[in-house]
1. Return the residue satisfying two criteria in turn: it lies in the stretch 144-166 and is surrounded by 15 or more Cβ atoms within 10 Å (Cβ to Cβ) and of a type in the set (A, V, I, L, M), and of such residues it is nearest to Ala95 (Cα to Cα).
2. Which residue is surrounded by the most Cβ atoms within 10 Å (Cβ to Cβ), if the candidates are limited to the stretch 176-200 and must be in contact with a strand residue (DSSP E or B) (Cβ under 7 Å, 6 or more places away or on another chain) and over 24 Å from Ser235 (Cα atoms)?
3. Would you tally the residues in the stretch 1-40 being in contact with a Lys or Arg (Cβ under 7 Å, 6 or more places away or on another chain) and among the basic types (Lys, Arg)?
4. For the stretch 47-68, name all the residues that are free of Cβ contacts under 8 Å to residues at least 12 places away in the same chain and of a type outside the set (Gly, Ala, Ser).
5. Looking at the structure I just gave you, is Asp123 free of Cβ contacts under 8 Å to residues at least 60 places away in the same chain, charged (D, E, K, R) and surrounded by 16 or more Cβ atoms within 10 Å (Cβ to Cβ)?
6. Select from the stretch 154-172 the residues that are assigned to a loop (DSSP other than H, G, I, E, B) and out of contact with any His (no Cβ under 8 Å at 6 or more places or on another chain) and write down the one among them that is farthest from Thr133 (Cα to Cα).
7. Specify the residue that is farthest from Ala95 (Cα to Cα); the eligible residues are those in the stretch 40-59 that are within 26 Å of the chain's Cα centre (by Cα) and not in a strand (DSSP E or B).
8. Within the stretch 151-173, track down each residue that is at pLDDT 95 or above and either hydroxyl-bearing (Ser, Thr, Tyr) or under 17 Å from Cys239 (Cβ atoms) (or both).
Amino acid sequence: MSKVHIIGEIGINHNGDIDIAKKLISIAAAAGFDSVKFQKRNPDVCVPSSQASKRKDTPWGEMTYLEYKHKVEFGQDEYEQIDECCRYHNIEWTASPWDLDSVRFMDSFGLRWAKIASASNNDESLVRFCAKTFDSLILSTGMSDMESVKDMVSWIKEEGVRYKNLSLLHCNSSYPAPLEDLNLNCITSLKRAFPYCRVGYSGHEFGLTPTIASVALGATIVERHITLDRNMWGSDQMCSVEPQGMFKLVRSIRELEAAMGSGEKVITESELPKIQSLRG
């Protein structure tokens, strides 16, 4: 069984504060996460015109929705600090681009891979541009049925991404996702439908049990939102994992990996003394 790749989704849980982002990078690295991930947007492109001028109460006072999206968005300086911080802590970083400008921005950092968020997986132009730009892609499949996923995979394949460089994450995009809607067995369905792709799980539920269980079903990539405190302001905070849970999540996944084994029924080395003492 190959080592599960564990992604800490910082997203916009930093609330536009680079110090919060750096703390989350440091904790994720200490906990044993393999990667951290952000979200990259050009708000002038991403925010619908119908929403841009709507007023919003924020911790920084009342402002328009467009002003708020700019407030929590990192630019060149912040991402240079993120890149330096991740190098220092020996942890990989990437982002989910929400528009073509953001794809180009990410590419300027020479990132190894990018993740397409569930909110963007039906945007054919964005999916295709990501496939042209990055050698490897991770695609979240929330808000999609199997036929839609097949369409997304075909777009990516047509742009030259090899199956072994494409990973699909089963996901329910409710925040938080009800347990009865998680449908973890879909991990098995995706593995059957796309046998040459890596398949994983992106969880938005409360608690850690379903995420850990996904590994037993064959998930080779696991992603969870992470935060310093679930009581912080922001739409993703409540379904995120706090520092103590981050350590528990990684430890539990690594223990499960060790326990899964090859599936072949054999007499283990540790059983040999028992054979001698109990059977003679």
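1. Residue satisfying both the conditions and the ranking: Leu166.
2. The residue in question is Val199.
3. Qualifying residue count for the region: 1.
4. Of everything in the stretch 47-68, those that are free of Cβ contacts under 8 Å to residues at least 12 places away in the same chain and of a type outside the set (Gly, Ala, Ser) turn out to be Pro48, Lys54, Arg55, Asp57, Trp60, Glu62, Met63, Glu67.
5. Judged against the criteria, Asp123 is a match.
6. Arg162
7. So the residue we want is Pro48.
8. Ser154, Ser167, Leu169, His170, Cys171, Asn172, Ser173, listed by residue number.
The values are calculated or read from the model by the stated rules, or taken from the named source; none is laboratory data. Keep in mind it's a predicted model, so treat the numbers as computed, not measured. Note: ideal-geometry Cβ built from the backbone for every residue, glycine included; neighbour counts use all protein chains shown.
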